[in-house]
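Student: I have a structure here, written as structure tokens, and I will follow up with some questions on it.
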Amino acid sequence: MFDYKNVEKKWNEYWEKNQTFKTDVYDFSKPKFYCLDMFPYPSGEGLHMGHLFGYTASDALSRFKRLQGYNVLHPMGYDAFGLPAEQYAIKTGNHPNGFTQKNIANFRSQMKKIGLSIDWSKEISTCEPEYYKWTQWIVEQLYKNGLMKLQDMTVNWCEGLGTVLANDEIIDGKSERGGFPVVKRKMRQWVVDIPQYAEKLLDGLDNLDWPESTKLMQKNWIGKSTGAQLTFKVADTNYTFNVFTTRIDTLFGATYCVLAPEHPLVLKITAAQQKDSVLKYIDECAKQSDIERQDTTKEKTGVFTGAYAVNPATNQNIPIYIASYVLSTYAEGAIMAVPAHDERDFEFATKFNLPIIPVIEGGNKGECYTGDGKHINSGFINGLNTEQAKQAMNKWAEENKIGFAKTTYRLREWIFARQHYWGEPMPMYYDSKGNIYLTPETELPLTLPNITNYQPQGGLSPLANATDWVKFKKDGVEYTRELNTMPGSAGSSWYYMRYIDPHNDKVLADKKLLDHWLPVDLYVGGAEHAVGHLLYSRMWNKFLYEQGVHSHPEPFKKLIHQGMILASDGRKMSKRWGNVVNPDTAIAENGADVIRLFAMFMGPIQETKPWNSENIIGVSRFVEKIWALYTESGKIKDEENTNLDKIYNETVKKVTQDYEILSFNTAISQMMIFINAVSKENVFPSVYAKNFLILLNPIAPYITEELWQTIFKNNNTISYEKWPTFDESKLIEENVEMVVQINGKLRDKIVIKIDSTDEEVSAKAQELPTIKKLLEGKQIKKIIVVKNKIVNIVAI
RNA sequence: GCCGAAAUGGCGGAAUUGGCAGACGCAAGGGACUUAAAAUCCCUCGGAAAUUAACUUCCGUGUCGGUUCGAGUCCGACUUUCGGCACCA
């Protein structure tokens, strides 16, 4: 029996004592491989199966690359600022740091139990001043470059949490944490001008080895839209407003305009007799939650302002409405409505009896037509198709100073402020006039003050309670500090850089090291970060790249998302269902090797799949079989066994290829096939026995270390051995079995010399008695030979 | 509503470029060993027909159609599940 408990203890101590997995980042003599996991938020619940799964996969790859002779960087850290710690502090009055540190200690010990080959000397935590000093430094650079700014924003306000939330922190109109309702509110906020990077972020996607679906999600999130901006005059006033349209060609069919209810012009242009209804409508919209407002199944609403705009193409007056289907947050917050050729405008116009003028031929009468066609009722563009008409109209608009071609993005400013205590303090302060100052670099990190009351103060961060910290004097002048702290995504947007040089106190990280180690070669993490974290990180990376911090425009070369691990009942693991399987328990009961093998054997890592504990026995038997084979069978000898040559070389080849593409389930399957073959033989050549341990080591590090040491009397760890090579000539046999088909159906098989000519093969196939019989009375039309595989006789 | 991914035995899954569907493992059934059990080993294991048995035949990768000598794989339409977005002008 494999005594996994003692073996795990022994090797955990050995690895720690010998710093087996410490990476010398200055060693540039070997090729580098940077293997990164999305670091965990250290919750009170500890690691879950999803962590175990993803971390095991990246660890197996790290160990594989190490064995292949790469200098591997495989670090770990903690995304340690966050809401649960904040709420713990609010509830208990205790400092969130204690809670966080306790959880971190638990996470670290759990990860060690899985046998992860982490370089623990490079461990980081985003809540350490040593770390967030540089988060603050980056924020200051963003500010200096005009990318971090104060802006009046319509924000997602969550009263339940007393804070502003990012779009990706909201699910179905409720806060991701706590499930509290979220409403829109206008607030002055620190924002990162990420839209400035929209085009670069879009371009950069092309060359990344990422899942296509993730790239597409980022593309959609950025939401590039090409069209034109047009200026409309408000009739009988000096007011004008801009609209954005992708269909400038339909301008002749614009029969009304709509402003978003929040549009600044609304109150200025509303006619006296419409004032009441307009105010009432604006009020209604403000009160609506996100879910209500985004419900597209509901009938569109809106009111007439009493004002008219001038259609610049027809010079006719067209009514101006306000309606909630026009969003203040997108483009100009105003549209020209072309009901004949836009579904939404059509619905609205029908409801409010507004004129619908077709300007493109096609479609049915009385219906909205969005397709291409010849323009009609459109003055100088009559007869043109959509593309031609767009060009003509763009030219016309520019010449007449009415508008110009424009590209708009859906991507909005990244709201970079939370009304929390447990986050990085913003390194800004204000004088009595409201002028903004940056905390001097020499004074960074600006550390969190100690407070006792963690309750948010009427929309202000609990930092407001630290009066001594908030107000301070410098050269006799009184200043006030920024009270907001940074969002969770701040520290996680650059942590992969810090791992490379985690204790540098002069710079964020040595440029020479960053240039060598970036980009990350493999990034493993959940698909839930497809836009949020993975977009923010890319933007910070691009910014720091442009600042000359390092020389890599993209941070993560290859990305994979590990699938979600469900409970055996096919549902999500949840306390609510009582179906949670805890990694600690699973490891204690089966051993880390067995759990690692089991996790990797379940299926492709990208797939969501259930954790069926009863299947563990399969890999457990495999482990015991190996243990017995090496320790008891006496089969390992310095002899040859030609029966095993082929399967051995096949196994080395297949396992190597499969590890390379992270297909661990098929690699394990091949190793099982090999061990099954060995168990049928009397001799297991010691060269094969040694090399098999190396093949298995990335997934099952403990048993392989132990056998390596005890059976082969090696004093060194197996972790830096040389990856076995295979002999291609051993894979080629003299004869091959070929399938004989008639009309594509399997009828017989023949064994034939490898690489026989098509003629030889088809002649031999036709001599087979079964084939002869089946071909009786039939005429052979064609014979297709797939070399060394198939003969297909087509006959009628 | 729009975008994306997926669907293969009782179960997890495998199948190179379009070339023997079901590797490997679990569960199940049968047998060996044992006083017995556990463990281990051996055999069977998609469905149907037929057969003493070997053998054989037909059907079969969500549904319907197509391309092809040949389709789990390619094309078209659809169904279901999961993920994302959600009036984006």
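The values are calculated or read from the model by the stated rules, or taken from the named source; none is laboratory data. For clarity, every value in this text was computed on a predicted model and none was experimentally measured. Reconstructed Cβ throughout: ideal geometry from the backbone, glycine too, with neighbour counts over all protein chains shown. Please note that ligands, DNA and RNA were not included when accessible areas were found on the heavy atoms of the full protein model with its side chains. Shrake-Rupley method; radii C 1.70, N 1.55, O 1.52, S 1.80 Å.
Student: Using 7 Å Cα-to-Cβ label points, what is the A:ILE780/A:GLU292 separation (nm, one decimal)?
Tutor: A separation of 8.0 nm, rounded to one decimal place.
Student: Can you give me the relative contact order of chain A as a percent, contacts being Cα pairs under 8 Å and 6 or more apart?
Tutor: 15
Student: Once label points are set 7 Å from the Cα along Cα→Cβ at both A:LYS646 and A:SER574, what is their separation, rounded to one decimal in nm?
Tutor: 5.3
Student: Modelling each spin label as a point 7 Å along the Cα-to-Cβ direction, I'd like the A:ASP236/A:GLU361 distance in nm, to one decimal.
Tutor: Computed distance between label sites A:ASP236 and A:GLU361 equals 4.0 nm.
Student: If packing is taken as the average number of other Cβ atoms within 10 Å across a peptide's residues, how do A:189-200, A:149-160 rank, most packed first?
Tutor: By packing density, highest mean first, the sequence is A:189-200, A:149-160.
Student: Can you give the three extents of the C-alpha atoms in the range A:472-550 along their principal axes, from longest to shortest, in whole Å?
Tutor: Cα extents, longest axis first: 52, 32, 23 Å.
Student: Arrange the peptides A:272-282, A:121-131, A:60-70, A:716-726 so that the one whose residues have, on average, the most other Cβ atoms within 10 Å appears first.
Tutor: The peptides rank, most packed first, as A:60-70, A:121-131, A:716-726, A:272-282.
Student: Using only the Cα atoms of the range A:651-693, construct the convex hull and provide its projected area averaged over every direction, in square nanometres to one decimal.
Tutor: The directionally averaged projection comes out at 2.9 nm².
Student: Report the one residue of A:THR651, A:GLN110, A:ASN382 whose Cα lies farthest in the direction of the positive end of the charge dipole of chain A (charges on C-beta: Lys and Arg +1, Asp and Glu -1; origin at the Cα centre).
Tutor: So the residue furthest toward the plus end is A:ASN382.
Student: To the nearest µm²/s, what D does Stokes-Einstein give for the range A:488-533 at 25 °C and 0.890 mPa s, using the Kirkwood radius over alpha carbon pairs as Rh?
Tutor: Reported coefficient: 205 µm²/s.
Student: Once you have all Cα-Cα distances for the range A:684-759, histogram them in 10 Å bins from zero and send the whole-percent values.
Tutor: Bins of 10 Å from zero give 15, 31, 15, 17, 18, 5, 0 percent of pairs.
Student: Which one, A:THR631, A:THR642, A:ASN665, projects farthest toward the positive side of the charge dipole computed for the range A:585-683 from Cβ point charges (K/R +1, D/E -1)?
Tutor: Highest projection toward the positive end goes to A:ASN665.
Student: At 222 nm, what value in deg cm²/dmol follows for chain A if DSSP H runs of at least 4 each add -39500 (n - 2.57) and the sum is divided by all its residues, to the nearest 500?
Tutor: Per the formula, -11000 deg cm²/dmol.
Student: Compare A:ARG293, A:ARG747 by solvent-accessible area with a 1.4 Å probe and give them largest first, with all protein chains kept in place.
Tutor: A:ARG747, A:ARG293
Student: Only residues of the range A:366-383 count here: report those whose backbone N is under 11 Å from the spot 7 Å along Cα→Cβ of A:ASN400, or say none.
Tutor: A:379-381
Student: Could you size up the charge dipole of chain A around its Cα centre, putting +1 on the beta carbon of Lys and Arg and -1 on that of Asp and Glu, and report it in debye to the nearest 20?
Tutor: Computed charge dipole of chain A: roughly 700 debye.
Student: Would you kindly give the portion of the calculated P(r) for the range A:621-663 that falls above 16 Å, as a percent of all Cα pairs?
Tutor: Result: 59 percent of Cα pairs exceed 16 Å.
Student: While we're here: Report the normalised scattering of the range A:92-176 as log10 I(q)/I(0) at q = 0.12 Å⁻¹, calculated by the Debye formula with identical scatterers on the alpha carbons.
Tutor: Listed by q, the Debye log ratios stand at -0.69.
Student: Semi-axes of the equivalent ellipsoid of chain A: what are they in whole Å, largest first, if each equals the square root of 5 times a C-alpha gyration tensor eigenvalue?
Tutor: Gyration-tensor ellipsoid for chain A: 58, 42, 23 Å.
Student: Per residue, what accessible area does the range A:458-575 have, given a 1.4 Å probe and all protein chains present, in Å²?
Tutor: 37
Student: Nearest 20 debye, what's the magnitude of the dipole of the range A:382-440 about its Cα centre given +1 on Lys and Arg Cβ and -1 on Asp and Glu Cβ?
Tutor: 140
Student: Given contacts defined as C-alpha pairs under 8 Å and at least six residues apart, what's the relative contact order of the range A:290-393, whole-number percent?
Tutor: Computed value for the range A:290-393: 15 percent relative contact order.
Student: Can you tell me the order of A:425-435, A:473-483 when each peptide is scored by its average per-residue count of other Cβ atoms within 10 angstrom, highest first?
Tutor: Final packing ranking: A:425-435, A:473-483.
Student: Just how far, in whole angstrom, is the range A:416-483 from the range A:145-208 if you go by their alpha carbon centroids?
Tutor: Taking the Cα centre of the range A:416-483 as reference, the centre of the range A:145-208 is 22 Å away.
Student: A further question follows. In whole Å, how far is the Cα centre of the range A:317-339 from that of the range A:755-796?
Tutor: 72
Student: What do you get for Rg/Rh of the range A:1-95 when both radii come from the Cα atoms and Rh is the Kirkwood radius?
Tutor: When Rh is taken as the Kirkwood radius, the ratio is 1.08.
Student: I'd like the distance between the alpha-carbon centres of the range A:3-80 and the range A:703-731, rounded to an integer number of Å.
Tutor: A separation of 20 Å, based on Cα centres.
Student: How are the Cα pair distances of the range A:206-271 distributed, in percent, across 5 Å bins from 0?
Tutor: Values per bin, smallest distances first: 3, 11, 18, 16, 13, 11, 9, 8, 6, 3, 2, 0.
Student: Dipole of the range A:574-695 (Lys/Arg Cβ +1, Asp/Glu Cβ -1, origin at the Cα centre): which of A:ALA592, A:ASN615, A:ILE675 lies farthest to the positive side?
Tutor: About the Cα centre, the residue reaching furthest to the positive side is A:ASN615.
Student: Can you give me the three principal axis dimensions of the range A:559-701 from its C-alpha atoms, in Å, biggest first?
Tutor: Reported extents, whole Å, longest axis first: 58, 33, 21.
Student: Once ligands and nucleic acids are excluded and a 1.4 Å probe is used, how much of A:HIS95 is accessible, expressed in Å² to the nearest 10?
Tutor: My reading of the accessible area for A:HIS95 is about 60 Å².
Student: Give, as ranges by residue number, the residues of the range A:63-84 whose backbone N falls under 15 Å from the point 7 Å along Cα→Cβ of A:LYS30.
Tutor: Output list for this probe position: A:63-75.
Student: As a test of reading the structure, rank A:LEU775, A:LEU73 by solvent-accessible area (1.4 Å probe, protein chains only), most first.
Tutor: A:LEU775, A:LEU73
Student: Separate question: Tell me, what % of the accessible area of chain A is carbon and sulfur with a 1.4 angstrom probe?
Tutor: 49
Student: Ranked from the most accessible area to the least, with a 1.4 Å probe and all protein chains present, what is the order of A:LEU774, A:LEU768?
Tutor: Ranked from most to least accessible, the order is A:LEU774, A:LEU768.
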